[in-house]
Amino acid sequence: MITRRNLLATAGAGAALAGSGVSLHGFSQAAAQALNLPAALPDGVRANAKLEALPGKKPLIKLSYRPPNYESPIETFRTAITPNDQFFVRYHLSFIPEVDVKTWKISVGGDGANNQAELNLDALKAMPATEIVAVNQCSGNRRGLFQPHVPGVEWGYGAMGCARWKGARLKDVLDKVGLKKEAIEIVFAGTDGPAVEKTPDFVKSLPVWKAMEETTLIAYEMNGQPLPHFNGFPARLIVPGWTGTYWMKHLNAINAVTKPESNFWMSAAYRIPLGKFPVVSHFISQETAVNTPITEIMVNSLLTSHADGATVKAGSMVGGIAWDGGYGIRTVEMSSDGGKTWLPATLGEDLGRFAFRTFSMHLKGRGRQTIMARASNAIGQTQTEALIANPAGYHHNVIHKITLNVV
Ligand SMILES: Nc1nc2c(c(=O)[nH]1)N[C@H]1C(S)=C(S)[C@@H](COP(=O)(O)O)O[C@H]1N2
Ligand SMILES: [Mo]
């Protein structure tokens with residue numbers, strides 16, 4: 001059973017969120033440039049961000065240590081698959097014990113289930129396995145680029161990654177206990193928790209229909225390896241198409257419930273205003289008159305082949321990656337004249353509708369060129385030119401732009 005699932009004072013959680021920010025001291029232009037950080041990030045964030053390696057990881061851009069929030073440098077995204085040791089790390093709470101697989105298990109039950117079950121890692125691996133390449137993107141990726149700035153972890157471009165995940169279907173696990181027809185949501189918790197009692201434990205829910213999708217997995221492998229500790233060892237939820245907040249790490253409790261989950265992380269955090277974003281996937285049981293939980297990832301792309309301001313040889317290939325909430329990338333158009341004219345880019349290998357899709361084109365001519373990329377998906381959605389303001393700084397999918405000096 002999930003403990004501490006009950007609603008706790010939201011004041012504590014607010015403090016926890018604010019505490020994950022960064023403090024200000026001397027601005028270091030040189031350090032920010034070496035890290036290839038976007039100029040739009042708040043000065044304090046640019047000054048304090050530095051490359052630092054967590055155990056088992058290559059150096060990532062550290063935004064906070066307690067809880068650990070580390071993003072991948074933009075160069076990481078030159079390929080469609082993000083290596084495990086360069087995959088971003090995001091936590092809400094600071095108590096993150098190393099899980100002992102000998103004693104770890106997932107308990108499955110809740111008042112919306114007919115039975116209870118317990119699954120250890122061997123039991124999970126004995127179930128039919130599915131592999132899927134999918135993007136895990138934090139809802140607040142690029143929050144640091146919002147103008148005006150909004151509070152929260154001031155991420156640049158790297159709070160995301162794409163891996164090949166292997167695991168059991170959540171549906172098969174839920175079938176083991178059987179869902180009552182009154183079951184409305186499935187609630188998830190992990191082994192990590194708050195360092196102070198006042199902060200509500202990180203608990204998230206999904207609507208039953210999303211939990212039962214064939215592509216929603218309990219993954220125990222990432223790119224052919226066990227999950228790194230900081231990415232959820234020994235098993236985590238994979239919710240392809242939906243933002244990272246639902247991808248519960250160190251998963252140890254799954255409860256079917258007959259009433260909407262009401263803890264802070266569902267009722268107050270991770271919400272977007274109604275009607276502002278072109279969302280297809282709705283989470284009806286959590287919707288209010290004004291806002292709704294964030295669900296699917298908005299169509300997006302990023303230029304990754306060269307740093308902004310780089311000098312490159314005429315005729316070079318420029319490109320990056322494109323992704324969306326699982327409808328699949330249909331086209332990426334590129335411009336080399338600041339958006340006056342656009343041409344279709346060449347798409348790279350298709351690793352599935354939930355994956356990063358690489359794209360590229362050859363530079364023509366010489367001189368200063370403003371390169372832009374605009375992805376569109378299979379249901380006709382495209383990236384925005386102007387930022388869609390929202391209080392928590394979610395869903396930044398403004399067209400990315402870099403300037404190159406072509407010689
Ligand atoms: N147990 C646990 N799972 C969690 C979180 C957390 O704080 N604790 N954060 C979520 C959020 S908001 C994101 S964006 C992803 C990040 O996954 P990563 O750290 O593997 O990159 O994990 C999700 N799962
Ligand atoms: Mo997130």
- Item | Filter result for the condition that a residue is within 16 Å of ligand 2 (Cβ to nearest atom) and either small (Gly, Ala, Ser) or on the phi > 0 side of the Ramachandran plot (or both), over ARG90, ARG142 | ARG142
- For strands (runs of 3 or more DSSP E) lying entirely in the range 8-124, having 3 or more residues that are at pLDDT 90 or above and within 28 Å of ASP201 (Cβ to Cβ) picks out 60-64, 69-71, 106-109, 117-119
- Message: Scan the range 333-344 and tell me whether some residue there is more than 28 Å from PRO73 (Cα to Cα), of a type in the set (Ser, Thr, Tyr) and not assigned by TED's automatic domain parsing to the domain that holds ALA159.
- Response: yes
- Message: So for the range 335-356 (the condition being surrounded by 19 or more Cβ atoms within 10 Å (Cβ to Cβ), touching a residue at least 12 places away in the same chain (Cβ under 8 Å) and among the β-branched types (Val, Ile, Thr)), does at least one residue qualify?
- Response: no
- Options GLY315, GLY352, GLY320; residue that is touching a Leu at 6+ places or on another chain (Cβ under 9 Å) and either under 27 Å from LEU274 (Cα atoms) or part of a loop (DSSP other than H, G, I, E, B) (or both): GLY315
- Considering every residue within the range 218-238, establish whether at least one is assigned to a strand (DSSP E or B) and hydroxyl-bearing (Ser, Thr, Tyr). yes
- Message: Restricting to the range 264-303, name every residue that is part of a loop (DSSP other than H, G, I, E, B) and under 30 Å from LEU404 (Cβ atoms).
- Response: ILE297, MET298, VAL299
- Task: Could you please find all residues in the range 189-206 being buried (at least 22 other Cβ atoms within 10 Å of the Cβ) and farther than 15 Å from TYR91 by Cα?
- Result: SER205, LEU206
- Cβ pairs under 7 Å, 6+ apart, first in the range 254-266 and in the same structural domain as LYS176 (by TED's automatic domain parsing), second of a type in the set (Asp, Glu): VAL257/ASP111; VAL257/GLU185; THR258/ASP111; THR258/GLU182; PRO260/GLU185; GLU261/GLU185
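Matching residues to (1) buried (at least 19 other Cβ atoms within 10 Å of the Cβ); (2) in contact (Cβ under 8 Å) with a residue 24 or more places away in the chain; (3) within 15 Å of ligand 1 (Cβ to nearest atom); (4) assigned by TED's automatic domain parsing to the domain that holds THR358:
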{"site": "PHE95", "(1), (2), (3), (4)": "no, yes, yes, no"}
{"site": "VAL101", "(1), (2), (3), (4)": "no, yes, no, no"}
{"site": "GLY109", "(1), (2), (3), (4)": "no, yes, no, no"}
{"site": "PRO128", "(1), (2), (3), (4)": "no, yes, no, no"}
{"site": "CYS138", "(1), (2), (3), (4)": "yes, yes, yes, no"}
{"site": "GLY152", "(1), (2), (3), (4)": "yes, yes, yes, no"}
- Query: Hey, among the residues in the range 207-233 that are within 16 Å of ligand 2 (Cβ to nearest atom) and touching a residue at least 60 places away in the same chain (Cβ under 8 Å), which one's surrounded by the most Cβ atoms within 10 Å (Cβ to Cβ)?
  - Reply: ASN231
- For LYS181, all conditions in the list (1) more than 30 Å from PHE356 (Cα to Cα); (2) surrounded by fewer than 20 Cβ atoms within 10 Å (Cβ to Cβ); (3) of a type outside the set (Phe, Trp, Tyr); (4) touching a residue at least 12 places away in the same chain (Cβ under 8 Å) hold save one; what is the number of the exception? (4)
- So which of ILE388, ILE379 is farther than 22 Å from LEU145 by Cα and either assigned to a loop (DSSP other than H, G, I, E, B) or among the aromatic types (Phe, Trp, Tyr) (or both)? ILE379
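The values are calculated or read from the model by the stated rules, or taken from the named source; none is laboratory data. Computed from a predicted model, the values in this text were never measured in an experiment. Glycine gets a Cβ as well: all are built from the backbone with ideal geometry, and neighbour counts include every protein chain shown.
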